[in-house]
Amino acid sequence: MRKVEIFDTTLRDGEQSAGVNLHFHEKVEIALQLERLGVDVMEAGFPASSAGDLRAVQEISRRIKNVSVVGLARTHLADIDAAWEALRDAQAPRLHLFIATSPIHMEHKLRMSPDEVVDSSIQALRYAAGKFPMIEWSAEDATRSDWDFLVRIIQEVIRAGAKVINLPDTVGYTTPKEYAAMFQYVQQHVDQIEKVTLSAHCHDDLGLAVANTLAAMEAGVGQIEGTINGIGERAGNVALEEVLVAMAIRKSLFGIETGVDLTQVSRTSKLVSKLTGMVIPANKAVVGANAFAHESGIHQDGVLKNTLTYEIISPESVGVGSNRLVMGKHSGRHAFAEKCKDLGLTLDNENFNKLFEAFKALTDKKKEVTDDDILALALDSSLEDMGGKYELDFLHVSYNSTQTTTAVGVRTPGGQVVREVATGKGSVEAIYNAIERAVQDPVRLEDYRIQSTTGGQDSLAEVYVKVHFHNHAGIGRGLDNDVLAASAKAFLDGLNRVLLKEQLDAIVTSAAPL
């Protein structure tokens, strides 16, 4: 058996998904769950991209103890300084340095010659080596690069101090045969290649990310990079859970093992889905709602006789199983604490008490509270309050077939309750018009989506919105038994995230100017 390291980039490459903007506390929550999952390396963000991202990476590097935490950087000294500021307190800090190597990128994006790209990489590596004990270097768009140029630059960056060489399929262009051949060519032609770890990083533009990653592993790479649920720019990255389960199910074929706890896969997938607002397709491999569902009579008959007839993956192996504890109005604090522990929720006494109160309030409206309900309540109450926020004080909606009238009370960050009335073509539009009047600043709704946490008439409604406020995009989430109340909360949450980002940028910029 050969050990392959798992490099998770959900918090960096995954957060670059269109419409995703994770809150500081949400990034920390995902990081803690990735640590439970057992990944080897966690790319926490791009510290030089914003003051808020720097602070998030800094907090994650201080909280995470059993995983190497990474920050991304271009071959700019200021980027490296920002990454070091964010990672200096980490147990095992790593820098991920990247530069494009394909002709189209060098000419049109970088406007640099191949020699200049090589020199830039060497200078950055030598500078970073004075700070970081571990440096990964990536050849952006490697699969559209000249292989002989890759050999040349890889040899130079190894001499300059790179310990991991990543050859990403940045635009999802390659095929399994081509990708494996590229790694084999590099292994055959680069001097001292055995001194570094080769890494594969695949995007899914042609739907080949999983196949390409598995081909790279068969070609001898020692690290694979990807995201939970395959989120990421454009069509996303390779879905780590699919690769991990494929390696486990076909262990005799691949001969590869990892340190990942597969029973944490389902929990990790759900957490990332809820916090990013990116719905998991029902038919998605491993973590989709239908992954272990059987409707065909022939299939049902076979599974009842022997699950192996149609289930090559045990649901329990990835953390999908029946609830051991049914939670309801008679459940006590001890049972609720055990349920939180089972769900992987890390809570201090104050936050546990808040969540328990929210749970008890929900049991007055629902007979049975599901795991998804508890997780949704926990995420809904986990946002940090820095200097006040907008809150819904009251909501009144009057509807008829021609016009909807809404009255709202919005508590401002200063504590004042502003009451406004507005109309709209529908209830949600009327609510949002009234809130826009109450905050006295223009707000543009760019996206609106609603889903339920579970089935049934008493299900909690989760609403996700994207708003444009103060020249920033804010992703908001609202949770309530009532769809309209959830819609109002989501809208205000989007505004609060913009306010919080402004506050964080001001705090971090003044405390640690780049």
Scanning the stretch 196-220 for residues that are surrounded by fewer than 21 Cβ atoms within 10 Å (Cβ to Cβ), part of a helix (DSSP H, G or I) and not small (G, A, S) gives V210, E218
Positions within the stretch 35-66 being farther than 16 Å from S199 by Cβ and among the β-branched types (V, I, T), in sequence order: V57, I60, I64
Somewhere in the stretch 110-128, is a residue modelled with pLDDT of 95 or more, more than 19 Å from T75 (Cα to Cα) and surrounded by fewer than 22 Cβ atoms within 10 Å (Cβ to Cβ)? no
By residue number, the members of the stretch 6-39 that are under 22 Å from R477 (Cα atoms), basic (K, R) and modelled with pLDDT of 95 or more are R12
Per the list (1) touching a residue at least 12 places away in the same chain (Cβ under 8 Å); (2) under 26 Å from Q192 (Cβ atoms); (3) part of a helix (DSSP H, G or I), residue check on E116 breaks on (1)
A235, sole failed condition from (1) buried (at least 23 other Cβ atoms within 10 Å of the Cβ); (2) out of contact with any helix residue (DSSP H, G or I) (no Cβ under 6 Å at 6 or more places or on another chain); (3) aliphatic (A, V, I, L, M): (1)
Look through the stretch 152-171, keep the residues that are of a type in the set (D, E, K, R) and not in a helix (DSSP H, G or I), and return whichever of them is nearest to A128 (Cα to Cα). K163
Report, by residue number, each residue of the stretch 56-87 that is surrounded by fewer than 24 Cβ atoms within 10 Å (Cβ to Cβ) and either closer than 27 Å to L150 by Cα or free of Cβ contacts under 8 Å to residues at least 12 places away in the same chain (or both). S68, R74, T75, H76, L77, A78, D79, D81
Could you check G255 against (1) among the small types (G, A, S); (2) crowded, with 24+ Cβ neighbours inside 10 Å; (3) touching a residue at least 60 places away in the same chain (Cβ under 8 Å) and say which number it fails? (2)
Report yes if L392 is in contact with a helix residue (DSSP H, G or I) (Cβ under 6 Å, 6 or more places away or on another chain), modelled with pLDDT of 75 or more, more than 17 Å from F491 (Cα to Cα) and not β-branched (V, I, T), otherwise no. no
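The values are calculated or read from the model by the stated rules, or taken from the named source; none is laboratory data. The shown structure was predicted, so the numbers you read here are calculated from the model rather than taken from an experiment. Methodologically, a virtual Cβ is constructed for each residue, glycine included, from the backbone with ideal geometry; neighbour enumeration extends over all protein chains shown.
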